[in-house]
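Undergrad: Below is the structure I would like to discuss, written out as structure tokens.
The numbers here are math on the coordinates, done by the rules we state, and not lab data. Computed from a predicted model, the values in this text were never measured in an experiment. FYI the Cβ positions are ideal-geometry reconstructions off the backbone, even for glycines, and counts take in every protein chain you see.
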Amino acid sequence: MRTLRDIDELRSTLRAYRQRGQRIALVPTMGNLHAGHLALVTCARQHADIVVASLFVNPMQFGPGEDLDGYPRTFSADQAQLTEAGCDVLFAPAVSTLYPNGLDAQTRVHVPEVGEGLCGGSRPGHFDGVSTVVSMLFNLVQPDIACFGEKDYQQLAVIRKLVRDLHMPIEIIGVPIVRAEDGLALSSRNGYLSSEERATAPALYRTLCVLRDALERGEPIETIIHQGKTALYDAGFTPDYLELRDATLAPVSPTTRHAVLLAAATLGPARLIDNLSVQLPATTATGQ
Ligand code: AMP
């Protein structure tokens with residue numbers, strides 16, 4: 001695996017692959033890799049000849065007071081894992097390489113509607129930061145496909161809209177959530193949890209499963225969401241949001257069958273997110 005930090009070097013390396021007619025896949029990450037990230041690399045391998053992973057802790061997507069400085073940085077271990085997973089190129093630019101004029105002077109990409117509410121509501125500017133850096137990476141790598149995790153469901157929806165609206169010829173592939181044995185969605189931020197909090201954390205997934213089952217039995221959405229928030233508080237979380245949306249993140253309507261239950265909740269120092277798909281029966285009352 002080649003590790004590249006420089007834009008010109010990245011472009012010339014990828015140009016050579018492209019001239020040989022090889023299909024390129026991109027897997028954007030912020031590092032501190034775990035099996036969830038590696039599932040994206042495996043997926044990328046299956047769809048392309050050349051796999052490029054990027055590792056960039058993007059300051060633009062962190063709000064004031066968020067964990068930019070403390071975000072886990074484990075570069076050598078990440079490099080080893082990517083090599084092992086069969087990645088061909090690791091692009092790991094410095095902040096000054098992607099934002100040479102600083103963040104304030106940087107052109108930004110804003111994806112309306114789907115980026116509003118949910119994580120976009122609690123983290124103002126977050127998806128502008130994500131959309132800007134992903135647009136930049138798409139422009140630099142010009143991949144045929146790019147893989148993103150369904151764990152960050154709203155992010156995936158934002159990227160799909162970004163690519164559609166800007167007519168980028170890139171196929172976006174969503175990869176199912178990789179979980180620990182106890183159900184907790186793997187996340188770099190799980191490392192912030194104490195051992196006691198780590199033992200509590202799977203209650204988020206368990207709660208979503210209980211709520212999904214109730215929704216699939218046709219119980220009223222409003223009641224179930226209320227019960228879910230109470231259950232999260234009782235387990236020790238501070239819920240940020242718990243919402244049922246349709247699969248495109250539009251509000252559920254009486255005709256919605258394929259829905260998604262999305263949650264974000266704080267547990268000690270960590271803000272955890274998770275989601276589950278829900279098949280609504282025809283009888284569900286949709287008031288939320
Ligand atoms: P991050 O490094 O947290 O920015 O994540 C990079 C990519 O990995 C994003 O597309 C995430 O959605 C994806 N990802 C993170 N955790 C998981 C997981 N547990 N399962 C599947 N994909 C994940």
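Undergrad: With each label point set 7 Å from Cα along the Cα-Cβ vector, what nm distance links residue 95 and residue 11?
TA: In this crude label model, residue 95 to residue 11 measures out at 2.5 nm.
Undergrad: According to the square roots a ≥ b ≥ c of the eigenvalues of the Cα gyration tensor, what is the shape class of region 58-210, taking rounded for a/c under 1.5, prolate for a/b larger than b/c otherwise, and oblate for the remainder? It would help to have the intermediate numbers written out before the result.
TA: On the way: a/c = 1.43, a/b = 1.32, b/c = 1.08.
Because its axes are fairly even, with a/c under 1.5, region 58-210 counts as rounded.
Undergrad: Here is a further query. Sort 224, 173 so that the residue with the fewest other Cβ atoms within 10 Å of its own Cβ comes first and the one with the most comes last.
TA: Details: 224 23, 173 17.
In order of increasing Cβ crowding within 10 Å: 173, 224.
Undergrad: While we're on this one: If we count other beta carbons within 10 Å of each Cβ, what is the order of 196, 171, fewest first? Don't skip to the end; give the middle numbers.
TA: Working: 196 10, 171 15.
By the 10 Å Cβ count, ascending, the order reads 196, 171.
Undergrad: ³J(HN,Hα) across region 215-231 via Karplus (A = 6.51, B = -1.76, C = 1.60, θ = phi - 60°), whole Hz, x for Gly/Pro?
TA: 5, 6, 7, x, 5, x, 4, 4, 5, 5, 5, 4, 4, x, 5, 4, 4
Undergrad: Let me ask you something else. Of all DSSP beta bridges in the chain, what percent run antiparallel (nearest 5)?
TA: Working: 20 of 39 bridges.
Given both bridge residues lie in the chain, the antiparallel proportion sits at roughly 50 percent.
Undergrad: Moving on to the next point. Assuming a viscosity of 1.567 mPa s and a temperature of 4 °C, what translational diffusion coefficient in µm² per second does Stokes-Einstein assign to region 7-139, Rh being the Kirkwood radius over Cα pairs? Intermediate values should be presented prior to the final figure.
TA: On the way: Rh = 16.0 Å.
D, rounded to a whole number, is 81 µm²/s.
Undergrad: So how do 84, 116 line up by other beta-carbon neighbours within 10 Å, fewest first?
TA: Details: 84 11, 116 14.
By the 10 Å Cβ count, ascending, the order reads 84, 116.
Undergrad: Okay, next question. For region 106-117, what does the Karplus curve 6.51 cos²θ - 1.76 cosθ + 1.60, with θ = phi - 60°, yield as ³J(HN,Hα) per residue in whole Hz, taken in order and with x for Gly and Pro?
TA: Running phi through 6.51 cos²θ - 1.76 cosθ + 1.60 with θ = phi - 60° gives 7, 4, 10, 10, 10, 9, x, 6, 5, x, 9, x Hz.
Undergrad: Considering amide H positions built from the backbone, and no H for Pro or chain starts, which residues 5 or more places from residue 175, or on another chain, come under 5 Å of its amide H?
TA: 148, 149, 150
Undergrad: Report, largest value first, the span of the C-alpha coordinates of the chain along each principal axis, in whole Å.
TA: 57, 42, 38
Undergrad: Please work out the ratio of the alpha-carbon Rg of region 186-282 to 2.2 N^0.38 Å and round it to two decimals.
TA: On the way: Rg = 13.7 Å, N = 97, 2.2 N^0.38 = 12.5 Å.
Against the empirical 2.2 N^0.38 Å value, I get 1.09 for region 186-282.
Undergrad: Further question: Along region 151-167, what does the Karplus equation 6.51 cos²θ - 1.76 cosθ + 1.60 (θ = phi - 60°) give for ³J(HN,Hα), rounded to whole Hz, x for Gly and Pro?
TA: Running phi through 6.51 cos²θ - 1.76 cosθ + 1.60 with θ = phi - 60° gives 4, 8, 4, 5, 4, 4, 5, 4, 5, 4, 5, 4, 5, 5, 5, 9, 6 Hz.
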